[in-house]
Every structure is written in structure tokens, then in C-alpha cells.
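Structure, as C-alpha cells:
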């Protein structure tokens, strides 16, 4: 089945852009998602655990992420979760990646001016 | 339980803003969400059914929606689905509302300049 | 984009089964999903709005829904939301359908004995 | 914000049950979630990447998980994702946990007999 998830958090690093071997633009950034939960004892919403993700976008989405996102921005990310683990030189590495289908600034936290890409046929 | 959903589509009407009896700003717009599915016979992605929602935001989100969203924008909406039905003068009315927690322009379709609200403590 | 949603609620009608023109089994039931929200004044969780859906499943899922679900069961449903509206004899009709991909009894509320279909290759 | 996610996969280990320091029952199992994607070249659906999670449930859900789930069962899990990382004796450990709110056998793959817990007030 699929693991399409929606996560909302803040951009912890400016997006970095590269080119894949196939010539596609790829852009990625670190996203911090902190749980908010209601503490009945304190009668207040408090911060809970923080999940860290690497968000990756390709092609047109990559270009727009790179031109639009800055460290500190609050964003919504919709995409596929990929948890990976590998070994190298006797050490185990892990990553939690979201391959983004859609990314947007969260208007709960601020306002935005949007400019549609001219090449869209649709 | 809860019905928090994520929907992605285009803004079909410019946001309209009002004030609730309690003095809060409320902003709403119509959202069209068209399913995309892969047609094996045609070997192509085609449009499927379109869902129509009224997206409603309150307070700070309402102000930012009003100042940021325009008819035709592609957006991501996260919120609670509320399906309602009522009768008036012998006719039955229905609405499919999403009470938005977060709304953002979808960077898959274009770029955006974000300005954070100054009053955020967080 | 897509509208895959997860809803949790209770089965309000025993599933009814039919056959499509194409010869596929189709099964459907009514689902009531009631929002639970924390009321700070009362310091308690209370019931909020109830959404009503018609859940539809096809083929193998339809057979299993029919043999497993009873009115009153608590279930999890994952599927595509389809909001429809049509006119007939001067009246407007509406439906909120979830075309189910997966349905399961919610073990939060009880226990279940599961028997896998024998014909699964996977 | 929150990270409530829905994942569907198969139970890779029989649930293990313990008691928390506070006296609550807690039950956990390993879940494997394999992506299915349409390969246009092969004109077929193929397996993609597999995500591994530890699913954890508490109290009544824990008891029901323990009495109902077996290795190999196909399930739907709704809960909060918690990605954790810690160091011990110079090594870095990771976990991807889903704190389950709801778990159910996926009727896409088989049939189930459900028995509601007698103690539910609701």
C-alpha cells in the first residue's frame, strides 16, 4: 500500500539543489515537525516530540522549492515517507525522507504572494 | 474520532471575509479537487471526478487567506471535514465544508514569497 | 490530485451486496463519524458534529465486508472521497461516498479473529 | 502540528505485551509497509521500498492487539509517527514508532469476526 503523509513544520535548512544523473533538478531541505498536545494539568498546549525529515522534491517542484523556501518558514508537505537504513564502514546510517508531491507555505503563520509557472499547460 | 483530511486543488472563488458574532474574522472560498488517475488503456493520466468544498478559516489564518489567495491558485488544505444537511422552506440543502487548520499555495505549480506575521510569539 | 482519506466511525447499517453490470460484487454500508473534541470549560472530551458517508467496496473487499461487518461495529475506512450531486424530477440529491481501498474493525473497541482469503497469491 | 498517519502493511512479528511503570498494558509489533507503484514499462504494479515501523498500543487497544493480531496479518494502523534517535556506548540507535490510536485487520485480504469489549460505556 502507500505511505502518503501530510506533515507540517518549519524549514530547518535552506533548500539545497542538485542535478540527478538523469539530468533532473532535485532540491532538499530539513524539516522539523513538533507535536503540539494539550496538557490537562497545565491547561495549556505544549510542545511534544520533534520528528526530523529530509524533504526531497524533483523537477519543477524542486525549482520552486529552491526559489521560494527559506530557513524558518512554516510549511505543509504532502508526500511519500521513505525510511532507509544502510551500513558503511561498519556504521549504521538512517534517514527519514519525504519525497514531496506538494509543498506550501502555511498561511496560518503568514501571508504569501504566489506566481504560477508560465509553462503549465494545465 | 476525527476527520482531518488533506485536499489539493484549485481556488474556484476569491476568498470572502466576514466577522463572526464573537468578533473573529472568518474567510472562505470554494475549492475544486479533481482526481487524477492512470488510464491503462490510454497509457496516460486523466481527470476523474471533481469534489467541491467550501474552505473556511478563522482569525489569523482568515486574514492571511484573504490577503494571499486568488481565484485560480493551486493550494493544499489541511483541516476537518464537515458534511452538513439542513431543510428550509421544504427544500434540502447540503454543504461540504473543510474547517482549515493550514492552507498553502502548492509549489508544484508555481513559486511564492512568504512574509511571516509579525505578531507571532512562536 | 487525490482525496484519499481515513475515517473512523461506526457501521450504521448492515452491508448490502449487489452485482455491477460488469459482474463484480459491490458492497456498501452507511458510516457515521462523530468528531470528538476536548471541551476546556467542561474539562472533558465531548461529541461534536457527525459526518455520514456511504462506504462502497468492490470484488474481494466487498465479499469480506459483507461477511464481516455488522451494524454497530467500529471500523477504520481508507479510501477515496467522492462528493456527488444530481437532479431528478426537479429535486437535488447529494451523496458523500467513500470508495474503500481498506476497511477494518477498530481494535480500540474490541477483538477480532481474522481469516485470510485462501486465493491470495500474495 | 501533528503527524497522524495511516499506514497499511503486514504484521512482521507477533505482538509482545508488557506493563508500563504506571501499570498500563502496552503491546507492540513490527510492521512492514511496502509501496506499490505502477510500472509503465512493465504495465504492471510492482513492489517498491519497504518501510519498517514499531507499532505501539496502550491499555484496551493493547489487550485487543495482543489477542487479535498474528504474524502475517494484513492491517491498517492509524496513529502518531515518532522518529527517535539516541546514543549509547558510542553507537547511534534509531526507531520509527507509530503510537497507534486505531488498528484493524484489512478486509481487503480476508474476513474477520469482531467481538466488542463488554466494558465500553459508549
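The values are calculated or read from the model by the stated rules, or taken from the named source; none is laboratory data. Being a predicted model, the structure only gives us computed values, none of them experimental. No Cβ is skipped: glycine too gets one built from the backbone with ideal geometry, and neighbour counts run over all protein chains shown.
I need a count of the residues in the range A:44-76 that are within 9 Å of chain B (Cβ to nearest Cβ) and part of a strand (DSSP E or B).
4
Tell me, please, whether a residue that is under 22 Å from residue A:72 (Cβ atoms), in contact with a helix residue (DSSP H, G or I) (Cβ under 9 Å, 6 or more places away or on another chain), surrounded by fewer than 22 Cβ atoms within 10 Å (Cβ to Cβ) and free of Cβ contacts under 8 Å to residues at least 24 places away in the same chain can be found in the range B:98-118.
Taking every residue of the range B:98-118 in turn, at least one turns out to be under 22 Å from residue A:72 (Cβ atoms), in contact with a helix residue (DSSP H, G or I) (Cβ under 9 Å, 6 or more places away or on another chain), surrounded by fewer than 22 Cβ atoms within 10 Å (Cβ to Cβ) and free of Cβ contacts under 8 Å to residues at least 24 places away in the same chain.
Against the definition (within 11 Å of another protein chain (Cβ to nearest Cβ) and loosely packed, with under 15 Cβ neighbours inside 10 Å), how does residue D:16 come out, yes or no?
no
For the range B:21-38, give me each residue that is over 20 Å from residue A:101 (Cα atoms) and in contact with a strand residue (DSSP E or B) (Cβ under 9 Å, 6 or more places away or on another chain).
Within the range B:21-38, B:24, B:25, B:26, B:27, B:28, B:29, B:30 qualify.
Restricting attention to the range D:24-43, report how many residues are surrounded by fewer than 17 Cβ atoms within 10 Å (Cβ to Cβ), more than 10 Å from every other protein chain (Cβ to nearest Cβ) and either modelled with pLDDT under 95 or farther than 16 Å from residue A:83 by Cβ (or both).
4
With the structure loaded, tell me whether residue B:80 is more than 8 Å from chain A (Cβ to nearest Cβ), part of a loop (DSSP other than H, G, I, E, B) and touching a strand residue (DSSP E or B) at 6+ places or on another chain (Cβ under 8 Å) or whether it fails that test.
The answer is no for residue B:80.
Does residue B:4 satisfy being modelled with pLDDT under 95 and over 28 Å from residue D:102 (Cα atoms)?
no
Residues in the range D:44-65 that are within 19 Å of the chain's Cα centre (by Cα) and surrounded by fewer than 11 Cβ atoms within 10 Å (Cβ to Cβ): how many?
0
Name, by its number, the condition in (1) part of a strand (DSSP E or B); (2) touching a residue at least 40 places away in the same chain (Cβ under 8 Å) that does not hold for residue D:92.
(2)
If residue B:18 passes every condition in (1) modelled with pLDDT under 95; (2) touching a strand residue (DSSP E or B) at 6+ places or on another chain (Cβ under 7 Å); (3) more than 26 Å from residue C:53 (Cα to Cα) but one, which one does it miss?
(1)
Just need a number here: residues in the range A:98-122 that are modelled with pLDDT of 95 or more, in a loop (DSSP other than H, G, I, E, B) and closer than 11 Å to residue B:109 by Cβ.
0
The conditions are (1) surrounded by fewer than 18 Cβ atoms within 10 Å (Cβ to Cβ); (2) over 21 Å from residue A:10 (Cα atoms); (3) within 13 Å of chain A (Cβ to nearest Cβ), and residue B:9 fails exactly one of them. Which is it?
(1)
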